[in-house]
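Structure first, commentary second.
Quick note: the coordinates plus some simple rules give every number you see, no bench work behind them. Being a predicted model, the structure only gives us computed values, none of them experimental. Reconstructed Cβ throughout: ideal geometry from the backbone, glycine too, with neighbour counts over all protein chains shown.
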Amino acid sequence: MSWKVIDRNQVAADQLGPGLSALTREKIRGFFSRYPTKQACLLPALHIAQDQIGYCSLRAMREIAELLEISPSQVMDVVTFYTHFWTHPKGRKVIVLCRSISCELMGGREVREAIERRLGIGNHETSADGEYSLLMEECLAGCDHAPCMLINERMHKCVRPEDVERILADAKNDQLDIPRSTTYDAGR
Amino acid sequence: MPFEKVLMKNVGVPNSPSLKVYESRGGYEGARIALKMTPDALVELVKKANVRGRGGAGFPAGMKWSFLPKDRTVTYLCVNADESEPPTFCNRVTMEHDPHMLLEGILIAGWATRTTTAYIYMRGEFTEQYHIMQKAVDEAYAAGYFGRNVMGSGYAMDCYIHRGAGAYVCGEETGLIESLEGKRGWPRIKPPFPAIEGAFRKPTVVNNVETLACLPHILTRGVDWWLSIGPAGSHGPKMFCISGPVNRPGCYEAPLGVTVRELIYGDDFARGMRGDKKVKAVSPGGLSMGWLRGDLFPKCPDGQVDPVQDFDELDCRMDFDDVRRYGMLGLGTAALVVVNEDTDLRDVLLNQARFYAHESCGQCTQCREGTGWMYRIAERIHAGAGRKLDLDILCEVTANMGMMPGMSICGLPDGAVFPIRTLVQKFRREFEAAIDRQAPDAAAQRIRSVNPAAYELPIYEGRATRNIRGTMSSDHYSGSQR
């Protein structure tokens, strides 16, 4: 019987995914002055990293831990708690559909079925062309316009099943028509 | 005296989020008055007005401020803009249409508590609102309302927006503080209360958006104006959100003490039900507060509140005290969701049970397991495999969760208990009728598809029933175990 030495770091390196860019690091450092501890910048840092990479990769988590002087496990602890952080690649646009009580009373389930039929994906899945991911979430605070859904940052209100085709065909369905703040965006 | 809208006076005004429009409509007058007062006098003023927190618990804001230790050097103000309670959206309306009113409130509260830094904890789902708020904060900084020298008074205060990432429990004040510190949003054990040791282990005040938005108006119009609105103990205007199948869902401002019936049928409010349906149930204060019976049921002949009989409960007044007479947890966020007569309440039960099972943070056993258990039972009832016993189990589970029996750190399980308990108790006849309609063998067939691990025992003779009858035998298990 012989022992085979496995370098865990080498194995992990293949699954680490992309890391942070210099501009992103700069952006994260910009938050340091806002809080008395560096750890408090974790949520902004993860938002920014996710904006750059598309999800929270293991390498990004490690690099953020290094940047904020905390352990990587603390970063992962936070990433897995919050529903907005993805640990695997997501589509270019994320459809967040509300499934809370008002939206469901007003026909949210039919909208969900229409989207699933149109894109052929279920909850937490990404379409084959990598364009859309679908995510069911609790209340989006748009109950007066139920049922509502977010496509990235844009809220679509009073969505009916027959509107789904038109909304998804629109290439600019995730663009806001108000001036955006780039504070939480990755450096570009 | 006719009621005058103040919290929503700028909603609908063209370009209302801009500083110029806000200032032209009397903006930052309240802050100017506040900065001329001493912080202690300001706290006394707010205490005198008895401004009860609009976020849910209804704790007086002035009282909260007065708990801060006297010899502090650093104070943080956390603005709770993590509005996750379904179906509440009044804070969204404030931030979308009148962000400067919130900022003025922050300024006043900041001066009263001698805050050094204010953090607006905004939920991650607020995207458009974040950009509007950020622009407003930038404008306010440029105009000298925040920064080293606030409005020339020498007082220094910073204001930042901190974006959350989708967790209901971060709306709890200590959960919010944990999340702000860059950790999981797990509520802390109290005491110490945040006023003594909060964010970054420093004295911290956590106030809701709407509570802060009320402050400028108290300062410009005076305490007497505030006390003249609403019934004793619940003063001031409030933003009521109405959603569901009503003619005009939306956010309406009214004095506290308005009845649920008026909010649903009033011309100034939702203007009745869509298609003239009857109201079967209505949740008056956000989902967590519980359910009232609607006008599908007859009115109580002597006009009394009778929680046992099936009577119409729409005459409940929306203030901090009257809702409790109807078995509600409290006023909550005053967000109504109306369920019409065509809706199956099993859908409602499943939806809310799923919500709490999904949003429980998993820290306390009773909440983590209890919400999941209630979800599985609700799923079973919804799939047509329920038993009447399930309704008793639901009530039993709800009796053993939450802060009230002393089982949890935060109030989330209390919020999970009330809607489920009141729904099951008040509409028990409907659930029982639905269970009676189930085909007996269909239930046996479907039980595995609902939850294969849930019940191996024959469905209509659960363990508890047999215990009561005293006919439990050991061979009963042998046939059903895998």
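Can you tell me the 0 to 90 degree angle between the C-alpha axis of helix A:58-68 and the longest principal axis of chain A, rounded to 10?
70 degrees
Rounded to the nearest 5, what % of the DSSP beta bridges within the protein assembly as shown are antiparallel ones?
Here the share of antiparallel DSSP bridges comes out near 45 percent.
Out of A:171, A:49, A:141, any idea which swings most in a Gaussian network model of chain A, alpha carbons joined below 10 Å?
Highest fluctuation of the listed residues: A:171.
What full-extension length gain, to one decimal in nm, is calculated for residue B:321 and residue B:23 as 0.36 nm per residue of separation minus the Cα-Cα distance?
Contour length minus Cα-Cα distance gives 103.7 nm.
What is the Rg over Rh value, at two decimals, for chain B, using alpha-carbon atoms and the Kirkwood definition of Rh?
On the Cα set of chain B, Rg over Rh gives 1.02.
Percentage of Cα-Cα pair distances in the stretch B:190-286 greater than 16 Å, rounded to whole percent?
Distances greater than 16 Å cover 66 percent of the Cα pairs.
When all alpha-carbon pairs of the stretch B:40-84 are counted, what percent fall beyond 13 Å?
It works out to 63 percent of all Cα pairs.
Where the centroid of each part is defined by its Cα atoms, how far is the stretch B:220-272 from the stretch A:170-188 in Å?
With the stretch B:220-272 and the stretch A:170-188 each reduced to a Cα centre, they are spaced 36 Å.
So what's Rg/Rh here for the protein assembly as shown, counting alpha carbon atoms and using the Kirkwood radius for Rh?
0.98
Holding the Cα-Cα limit at 24 Å, pick out from A:38/B:202; B:5/B:277; B:238/B:426; B:70/B:135; B:5/B:36; B:64/B:135 the pairs that are longer than that.
B:5/B:277; B:238/B:426; B:70/B:135; B:5/B:36; B:64/B:135
Which of B:82, A:170 has the fewest other C-beta atoms within 10 Å, and how do the rest follow up to the most?
Lowest to highest Cβ neighbour count: A:170, B:82.
If I model a spin label as a point 7 Å beyond the Cα along the Cα-Cβ vector, how far apart are those points for residue A:185 and residue A:2 in nm?
5.7 nm
Note down the nm distance, to one decimal, between modelled labels 7 Å out along Cα→Cβ at residue B:138 and at residue B:310.
5.8 nm
Measuring from label point to label point, each 7 Å out along Cα→Cβ, what is the residue A:23 to residue B:433 span in nm?
Reported label-point gap for residue A:23 and residue B:433 is 6.3 nm.
Once the convex hull of the C-alpha atoms of the stretch B:19-227 is built, how many Å³ does it hold per residue, rounded to a whole number?
113 Å³
To check my understanding: the extent here is largest minus smallest coordinate of the Cα atoms along each principal axis. What are those three numbers for the stretch B:1-101, in Å, largest first?
Result for the stretch B:1-101: principal-axis Cα extents of 45, 36, 35 Å.
Just how far, in whole angstrom, is the stretch B:310-380 from the stretch B:35-95 if you go by their alpha carbon centroids?
27 Å
What number does the stretch B:148-248 give for Rg over Rh if you use C-alpha atoms and the Kirkwood radius?
Over the Cα atoms of the stretch B:148-248, Rg/Rh equals 1.05.
Straight distance only, please: which aspartates and glutamates reach the Cα of residue B:47 with their own Cα at less than 20 Å, same-chain residues fewer than 8 apart left out?
Straight-line reach from residue B:47, under 20 Å: B:104, B:210, B:224, B:319, B:321.
Could you pull the Rg and Dmax for the stretch A:1-146, using just the Cα atoms, both in Å?
Calculated on Cα positions, Rg and Dmax stand at 19.0, 69 Å.
Considering only A:95, A:28, A:167, give the residue with the highest GNM mean-square fluctuation for chain A, with springs between Cα atoms whenever their separation is below 10 Å.
Between A:95, A:28, A:167, it is A:167 that shows the largest mean-square fluctuation.
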